[in-house]
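What follows is one structure encoded as structure tokens, with my remarks underneath.
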Amino acid sequence: MPERLNVSEIASLIGVEEEIIKRTLERRDAALEPYLYEPPHSQSEGKNQTQQIPLLRLEGLPRLITKLSYNIPTSDIIENLACQVMHLVVLRKENAELMGQNQDLQGQNDQYEHRIKDLKQEIEASQAKLTELVEKQSRGWFRNIFKRG
């Protein structure tokens, strides 16, 4: 998660319309001011251009939610929190499943590594045996050639 959030990121995190967040950040409330970050390129632009909305540092998110909650009905806040809790529960469940799959895959990987090691040893043994047989056969051919001559 980024350390600085723009309006659309905040809106997707907390489930509040972007316009409401935008207006709240534009007010530059004293409680939010320490958490606001103005990107350097927007400070150098002319004053006659529309001012960019500052980014919010992640630590300021609870303060922003508090400020927003003054204008949001309690039922909406409760519904939003319930959705966030459900989202966290689903994420934890997925995380647990992925951890289990990861452990299974690591076990399979270890088995495959052992199998590869065994196969390499078999290949080396077969190559040594093949080399020995080739040498033995070539000596037989060599003897046969000189016996005939």
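The values are calculated or read from the model by the stated rules, or taken from the named source; none is laboratory data. Keep in mind the model is a prediction, meaning the values are calculated, not measured. Neighbour counts are summed over all protein chains in view; Cβ atoms, including those assigned to glycine, are modelled from backbone coordinates with ideal geometry. Surface areas here come from the heavy atoms of the whole protein model, side chains and all, with no ligands, DNA or RNA. Shrake-Rupley method; radii C 1.70, N 1.55, O 1.52, S 1.80 Å.
Whenever a residue of region 9-26 is in contact (Cβ under 8 Å) with a residue 24 or more places away in the chain and at positive phi, its partners that are charged (D, E, K, R) and assigned to a helix (DSSP H, G or I), lying with C-beta atoms within less than 9 angstrom and at least six residues away or across chains, give the pairs 15/76; 15/79.
This table checks each residue for (1) modelled with pLDDT of 85 or more; (2) open to solvent by less than 100 Å² (accessible area, probe 1.4 Å); (3) part of a loop (DSSP other than H, G, I, E, B); (4) under 28 Å from residue 29 (Cβ atoms).
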{"position": "56", "(1), (2), (3), (4)": "no, yes, no, yes"}
{"position": "67", "(1), (2), (3), (4)": "no, yes, no, yes"}
{"position": "71", "(1), (2), (3), (4)": "no, no, yes, yes"}
{"position": "79", "(1), (2), (3), (4)": "no, no, no, yes"}
{"position": "91", "(1), (2), (3), (4)": "yes, yes, no, no"}
{"position": "94", "(1), (2), (3), (4)": "yes, yes, no, no"}
{"position": "98", "(1), (2), (3), (4)": "yes, no, no, no"}
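Can you say whether residue 123 is open to solvent by 90 Å² or more (accessible area, probe 1.4 Å), of a type in the set (Val, Ile, Thr), part of a helix (DSSP H, G or I) and over 21 Å from residue 17 (Cβ atoms), as far as the supplied structure shows? So residue 123 fits the description; yes.
For region 100-114, the criterion of being open to solvent by 80 Å² or more (accessible area, probe 1.4 Å), touching a residue at least 24 places away in the same chain (Cβ under 8 Å) and assigned to a helix (DSSP H, G or I) is met by no residue.
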